[in-house]
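Taken together, the values in this text are just the output of simple stated rules run on the coordinates, not laboratory data. Everything quoted here is computed from the prediction, not taken from an experiment. Heads up, the Cβs are rebuilt from the backbone with ideal geometry, glycines too, and the neighbour counts pull from every protein chain shown.
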C-alpha cells in the first residue's frame, strides 16, 4: 500500500511539473515586434475566419504569388543600440552594490556592438527565412511548381535563361531586408538554378542568383507609414498625439521598475522607471533571438512581467501602425496599388508570365497592410476598456501578427473559362501560414469582390491622404513639400526689413555725429 501511494504521489508530482513547465511562457514568442516567428493558429486571434473551399484549391491553377514580408531576426541598430550601451554604463556604476544580480558584474553590450553592421540579419534569421520558403512550398505543391522556373519559362530561349521580370524580388534600402530577400529566394529556388553543383538529374543545378530591387521608390512604398509623417506636418502632429508608448511603459512596466529598485537597493542613486525596464526587456528579447540566451536579462523577469511587456508593445504598435492611427495604415495604399497592378496584369495578359513578386520590409510594413485589409479587426472589443487590463484580450498582437519574418501572402487562382465555380479568378490571403479572409467574405474571394472593397484606396496618394486630414480638421493646408520654404521665406523677408531699418538708423546717427570729429589728413600713397 505504501509503495502504491508513493507511486501515485510521484506520478501526480511529475504531472504537476509537466503542467507547470509546459505552461511556462517562452519569451521568444512574447516580445512584441522583437518576437521570433511562429505560424499563426486560430487561437491567436479574437477574429474567427470561415473554412476554405477545397474545390478551388484542388481544381484551379495558382498563377501568381505575391509576398509582403518582414525581414528575419536581426541585430539591433541605431537608437536601440545606444540605449543598450547607456544601460551598460549605468550598470557598471552599481555592480559593486550587494543586491545586484551576479550576472551583471560581467555583462556588457558586445553581443550587439561587435557586429560591424548594426541591424544586419542574424544567422538564425537567415536560416529561418530559408526554412519558411521551403515549408511554404512543401505545404502547397502548386506554389512549389510556380517556382520551377525552368519548367515555367514558356518560350524563353536558350533553355537555361532566367527571367528576372517573371520572378521579382524587392526590399527597402536596408541590409537586413535585402539579405532577407536573398535568404528567402534561396529556399524558393533551391534546386532550380544554373550555378553550383548538380544535385541530381531531376532537380538540375543548385541555385539561381537573383536581383533584389532596392530603390528609393520601392522603399517609399514599403515604408509609407514613415513617409506620410515626414511629408505631412498635420499627420506627424497627430501621430505624436496618438502615441501611447510612454504611458504604456509607465503604467505597465513602472511597478516592475519599483520592485527592482527595492530588490537591488539602488533607490538612493537610481530610480528604475518603466522606460528603463522596457530597455532591459528589449535586451532580453535580443539575447534570446540572437544567442538563445535566457540566463541574463530574461532571468530578471517572470511570466507575468513578460506579459506586461508584451501588452506594452501591442499598445504602442496599435497606435503607431495599426487601427489606432488610421493615417499610417491608409498610407499602405501605395503598396496595395502595386499589388493590384501586378495581379491585374497577370490576370489580363496570360502571355506576361509575372509568376511572383516577393517584397521585404519591416514590421510596420506588415502591420499597416494588415490594418488596411481590415484583417484581425475585432469590432466587438473596445480598445480603451481593455488596454491596461492584462486579464482582458487585446485585439492587436504584435508577437503573433508582425514578428520577425511575419508576412502576408496573396495567391491568385485561375479556374478557367468553363468551370463549376461561379467565377474564373479568386484571391486567397495567408498571414503567417494561416488562411484568412476579408471581413464578410470567403477565404477564396472572387477577384472583383476583393478589389471592390479597396476601390477608394486604388486611386489614393500620400498627398490626397494629407489633404483629407487638413480638410477633416479644418486646418489651412500648406503644401507639405513647401513648408520649410515658406517658413524660410517669411523669416528672410523679416530679416531683410530689420537689417534695412537698422542700417538707415545707423546712417542717420553717424551723419549727425560726423561734425564732432576732425577730418583725418590723408597721405598720398607711394607706388
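I'd like the distance separating the alpha-carbon centroids of the range 408-423 and the range 391-406, in whole Å. Result: 31 Å between the Cα centres.
Averaging the sequence gap over all C-alpha pairs within less than 8 Å and six or more residues apart, then dividing by the number of residues, gives the range 361-446 a relative contact order of 25 percent.
Quick one: 57, 330, fewest Cβ neighbours within 10 Å first, how do they rank?
Going from least to most buried by this count: 57, 330.
Using every pair of distinct Cα positions in the range 48-110, the Kirkwood expression returns a hydrodynamic radius of 17.2 angstrom. The ranking of 235, 91 from fewest to most other beta carbons within 10 Å of each one's beta carbon is 91, 235. Counting only Cα atoms, the size of the range 27-135 along its three principal axes is 69, 33, 21 Å, in decreasing order.
Across the range 274-412, Cα-Cα pairs farther apart than 21 Å form 54% of the total.
Ordered by the number of other Cβ atoms lying within 10 Å of each residue's own Cβ, fewest first, 347, 36 fall into the sequence 347, 36. Overall dimensions of the range 392-460, expressed as equivalent-ellipsoid semi-axes from the Cα gyration tensor (√(5λ), whole Å, largest first), are 27, 15, 12.
In the calculated pair-distance distribution of the range 162-321, the portion above 24 angstrom amounts to 60 percent of the Cα-Cα pairs. Which whole-angstrom value gives the distance between the alpha carbon centres of the range 203-233 and the range 447-478? A separation of 23 Å, based on Cα centres.
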